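Novice: Below are the structure tokens for one structure; questions will follow.
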Amino acid sequence: MTIRVLVAEDQAAVRAALVMILRAEPDLEVVGEAADGEQAVRLALELKPDVVLMDVQMPRLDGVSATRQVVEAGAAQVLMLTTFDLDQYVYGALRAGAAGFLLKDLEADTLIEGIRTVARGDGMLAPSVTRRLIGTFARPDRPGQPWTRAAVEGLTPREREVLACLGAGLSNGEIATRLEMAEATTKTHVSRILAKLELRSRVQAAILAQDLGLTADQY
């Protein structure tokens with residue numbers, strides 16, 4: 001399967017380098033390039049790529065706002081790129097529904113694998129900051145957050161098992177193996193969990209599971 005990618009990066013040299021790396025892969029197709037956030041949203045809605053590779057800091061419309069619009073429209077999965085591992089915009093990006101984020105100093109292989117991971121519906125977080133993200137992301141008791149323990153208790157037992165596995169960072173395939181069910185069934189459970197908890201991405205679900213102390217070892 002060919003993965004269609006839209007590259008959104010305001011620095012022309014960086015954008016060209018990203019495009020060159022992606023076009024060298026037979027299963028990746030760069031369907032468009034955007035130099036600012038507004039263009040990224042417009043092209044995402046027009047081209048409906050599988051993945052938008054989005055820079056966090058963009059002119060005209062920042063990457064977080066652009067991500068929110070793309071995700072809310074159901075146009076594509078968004079994988080964010082950032083220069084700093086604790087960039088304040090990263091937290092906003094995850095709240096906006098980004099499927100994950102990577103640092104710009106990553107190796108080409110990591111970038112490619114990140115795109116493939118996000119395209120198949122799994123989340124992707126830069127390993128160097130995963131623990132800090134989990135520790136500092138929005139708490140379930142913050143005003144305006146639908147992430148309450150009561151909401152989680154409204155899940156079915158199987159959905160709670162899947163949520164705990166998401167918190168452990170397991171992919172759909174790994175969850176399916178662990179819980180002895182088909183991968184397609186796992187995807188259905190993940191979709192239902194996101195809908196019930198009013199979450200935009202499996203990354204948000206994973207952080208919620210960690211925040212509430214849910215662990216895969218419990219199941």
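The values are calculated or read from the model by the stated rules, or taken from the named source; none is laboratory data. Owing to the predicted nature of the structure, the values given are computational and were not obtained by experimental measurement. Here the Cβ positions follow ideal geometry from the backbone for every residue, glycine too, while neighbour counts run over all protein chains shown. All accessible areas refer to the heavy atoms of the entire protein, side chains included, with ligands and DNA or RNA removed. Shrake-Rupley method; radii C 1.70, N 1.55, O 1.52, S 1.80 Å.
Novice: With each pseudo-label sitting 7 Å past Cα toward Cβ, what's the E174-A12 distance in nm, one decimal?
Specialist: So the two model labels end up 4.2 nm from each other.
Novice: Would you kindly find the accessible area of M58, with a 1.4 Å probe and non-protein molecules such as ligands, DNA and RNA excluded, rounding to the nearest 10 Å²?
Specialist: For M58, the solvent-accessible surface is approximately 20 Å².
Novice: Between R23 and A182, what is the spin-label point distance in nm, taking each point 7 Å from the Cα along the Cα→C-beta axis?
Specialist: The two pseudo-label positions are separated by 4.0 nm.
Novice: In terms of modelled amide H atoms, which long-range or inter-chain residues lie less than 5 Å from the amide H of L81?
Specialist: M54, D55, V56, L102
Novice: What list of ³J(HN,Hα) values in whole Hz, one per residue of segment 201-213 in order, does the Karplus curve 6.51 cos²θ - 1.76 cosθ + 1.60 (θ = phi - 60°) give from phi, with Gly and Pro shown as x?
Specialist: Whole-Hz 3J(HN,Hα) from phi for segment 201-213: 8, 5, 5, 4, 4, 5, 5, 4, 4, 5, 4, 8, x.
Novice: Near K187, which aspartates and glutamates are there with a Cα under 15 Å away, not counting those fewer than 8 places off in the same chain?
Specialist: Cα-Cα hits under 15 Å: D122, E159, E161, E174.
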